[in-house]
1. Does Leu271 count as more than 16 Å from His155 (Cα to Cα), part of a helix (DSSP H, G or I), of a type in the set (A, V, I, L, M, F, W, C) and open to solvent by less than 40 Å² (accessible area, probe 1.4 Å)?
2. Filter region 1-51 for residues that are assigned to a loop (DSSP other than H, G, I, E, B), more than 19 Å from the chain's Cα centre (by Cα) and either aliphatic (A, V, I, L, M) or not assigned by the TED database to the domain that holds Asn114 (or both) and give the result.
3. Mind checking which pairs have a first residue in region 193-219 that is more than 20 Å from Met249 (Cα to Cα) and touching a residue at least 12 places away in the same chain (Cβ under 8 Å) and a second that is open to solvent by 50 Å² or more (accessible area, probe 1.4 Å) and outside any loop (DSSP other than H, G, I, E, B), Cβ under 9 Å, 6 or more apart or different chains?
4. Is it the case that some residue within region 282-295 is open to solvent by less than 70 Å² (accessible area, probe 1.4 Å) and part of a loop (DSSP other than H, G, I, E, B)?
5. If you take the residues in region 230-255 that are without any contact (Cβ under 8 Å) to a residue 60 or more places away in the chain and under 21 Å from Met156 (Cβ atoms), which one is surrounded by the most Cβ atoms within 10 Å (Cβ to Cβ)?
6. State all residues of region 241-263 that are in contact with a Leu (Cβ under 7 Å, 6 or more places away or on another chain) and of a type in the set (A, V, I, L, M); if no residue qualifies, say none.
7. Would you call Lys37 open to solvent by 80 Å² or more (accessible area, probe 1.4 Å) and within 28 Å of His136 (Cα to Cα)?
8. Count, please, the residues in region 40-74 that happen to be touching a Ser or Thr at 6+ places or on another chain (Cβ under 7 Å) and under 18 Å from Pro133 (Cβ atoms).
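The values are calculated or read from the model by the stated rules, or taken from the named source; none is laboratory data. A quick note: this is a predicted structure, and the numbers were derived from the prediction, not measured. No Cβ is skipped: glycine too gets one built from the backbone with ideal geometry, and neighbour counts run over all protein chains shown. Accessible surface is based on the protein model in full, side chains and every heavy atom, while ligands, DNA and RNA are left aside. Shrake-Rupley method; radii C 1.70, N 1.55, O 1.52, S 1.80 Å.
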Amino acid sequence: MYCGVCHSDLHTARNDWGFTHTYPIVVGHEIIGRIAKVGDNAQKFKVGDLVGVGCMVDSCRTCSPCQHGLEQYCEHGNTGTYGSLDRHDGTLTQGGYSTSIVVSEDFVLKVSENLDTQAVAPLLCAGITTYSPLRHWKVGKGTKVGVVGLGGLGHMAVKLAHAMGADVTLFTRSLGKSDDAYRLGASRVVLSTDENQMKEVANTFDVIIDTVPYTHDLKPYVPTLALDGTLVLVGLVGELEQTINTVPMIMGRRSISASVIGGIAETQEMLDFCAEHNIVPDVEMIDMQDINTAYERMQKSDVKYRFVIDMASLKG
């Protein structure tokens, strides 16, 4: 029915990461639809159920991470929804820019009917990518959370942390984001290029979720962490280069870490949490025929905050 548009789709389609060795490739890993058919041995879902498929469709299921519900960290590599070799038949997995997909019931997620179905899809990547570290670092009432960047990931981090009871601050390079940040749940906006504003929030944050997708200087953010605080990278895929100084880390037992999506159980927990708090991403609906225009706009950060494709348009 619907498929979210992730930056990973763009990078894979254009081989920006150098990982796309085989074409054609059908991308899309934020998939919402209804069950059309179930296999003879499938018992978790029935025809007509509203469900989602996220970034994974399989894993080895036997390694320690898999046994602990952390399939995203499968020691043998999880099977991505697109661009991976299927563990069963060796074919290339193909994703959600399509009218149907066949998936193991163990990697299918139940979606609440009370959520805006058109807007749910990006929860399966942007939502879980930010929810997982918030849960892992035990964010809750009274926690002080910083969010760096207000794009697809950042706006979900603000919404989710606020719903968990945290006091949320947005770090941004553009004060034009302030109104949106407050609307989404932030209580403070800090201009990261303003040294005085950064000094005012020194020793403040228990957790900072850094959603910036390119190499950037982390040194200004580390001193804003409280004792034992952690800066978690969820947007950057690549080298950090000369962006870290250990002195403020040593002097505050501060950490720099990273995180990627979540396991199936945690993703279901996230969907249930969003249903309880009526949280969905801010989306712009598009037809499949407009995907290239959407990609160009994504390159310019010209979307608030995620594109979602109406897959009915593919049949047109």
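1. So Leu271 fits the description; yes.
2. Across region 1-51, the qualifying residues are Met1, Ile25, Val26, Ile35, Ala36, Val38, Ala42, Val47.
3. Hits for this filter: Pro213/His7.
4. Yes, region 282-295 has at least one match.
5. Leu231
6. Ile244, Ile256, Ala258
7. No: the conditions fail for Lys37.
8. 4
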